[in-house]
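Notes for the one structure printed next.
The values are calculated or read from the model by the stated rules, or taken from the named source; none is laboratory data. Keep in mind that what you see is a predicted model, and the values were worked out from it rather than measured. Positions of Cβ are backbone-derived with ideal geometry, glycine not excepted, and every protein chain shown enters the neighbour counts.
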């Protein structure tokens, strides 16, 4: 194979184009199976192409097996791995959406009041703190926290805020702390937390709101007055 002996990228591309139809056929066959029925065909073709490229890179021309025989199981294997990751990611997103809908309902009910602007600000603050708790590896080390910002000051500030929150959760009143930890760290729905603690959903809502309020205070900047 020319691309092997001379690092000929053109030859490598020719091989890829020659077997691309095979990769597409494998993708079509896989889509017909229930394991991949919900995945877009173009995503499956992408998985198949990755498998084809890996096979081209790993094939030894002196092998007794033809390239088609060599690449077919590797394309399928790469596709199955891609399907597994796609399924897991979508299950996680679906679970996260359910959690956030429930949380929004809890916070909306709790924050309803005559002062709509104050209620809205409190709701936004609660949701923001909730996202920090759920999405930044609060139960892991700082190095595993994933900031929504890039490098620089904002990223450092985000990580510092997460460190403050992590410490603050450990100082919450016992039952409120349990509600926060069970929901955000152990990902339990509020209904299950209520059953676990033997409390009503209304009481869990109160404890949840109280816990977030204490955490909000931790993130508020402190202002010192200089005296001269």
Pairs where the first residue, in segment 84-105, is assigned by TED's automatic domain parsing to the domain that holds residue 183 and modelled with pLDDT of 75 or more and the second is surrounded by 12 or more Cβ atoms within 10 Å (Cβ to Cβ) and assigned to a helix (DSSP H, G or I), C-beta under 7 Å, 6+ apart
none
In segment 23-46, which residues are part of a loop (DSSP other than H, G, I, E, B) and within 16 Å of residue 85 (Cβ to Cβ)?
38, 39, 40
Of the criteria (1) modelled with pLDDT of 80 or more; (2) under 23 Å from residue 47 (Cα atoms); (3) exposed (fewer than 13 other Cβ atoms within 10 Å of the Cβ), which one residue 173 fails:
(2)
Tell me which residues, restricted to segment 47-79, are touching a residue at least 24 places away in the same chain (Cβ under 8 Å), part of a helix (DSSP H, G or I) and loosely packed, with under 15 Cβ neighbours inside 10 Å.
68, 77
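Report, by residue number, each residue of segment 172-182 that is in a helix (DSSP H, G or I) and touching a residue at least 40 places away in the same chain (Cβ under 8 Å). So that I can check it myself, show each step before the final result.
Applying the first criterion (in a helix (DSSP H, G or I)) to segment 172-182 yields 174-182.
If the condition is that a residue be in a helix (DSSP H, G or I) and touching a residue at least 40 places away in the same chain (Cβ under 8 Å), then 180 is the only one that fits.
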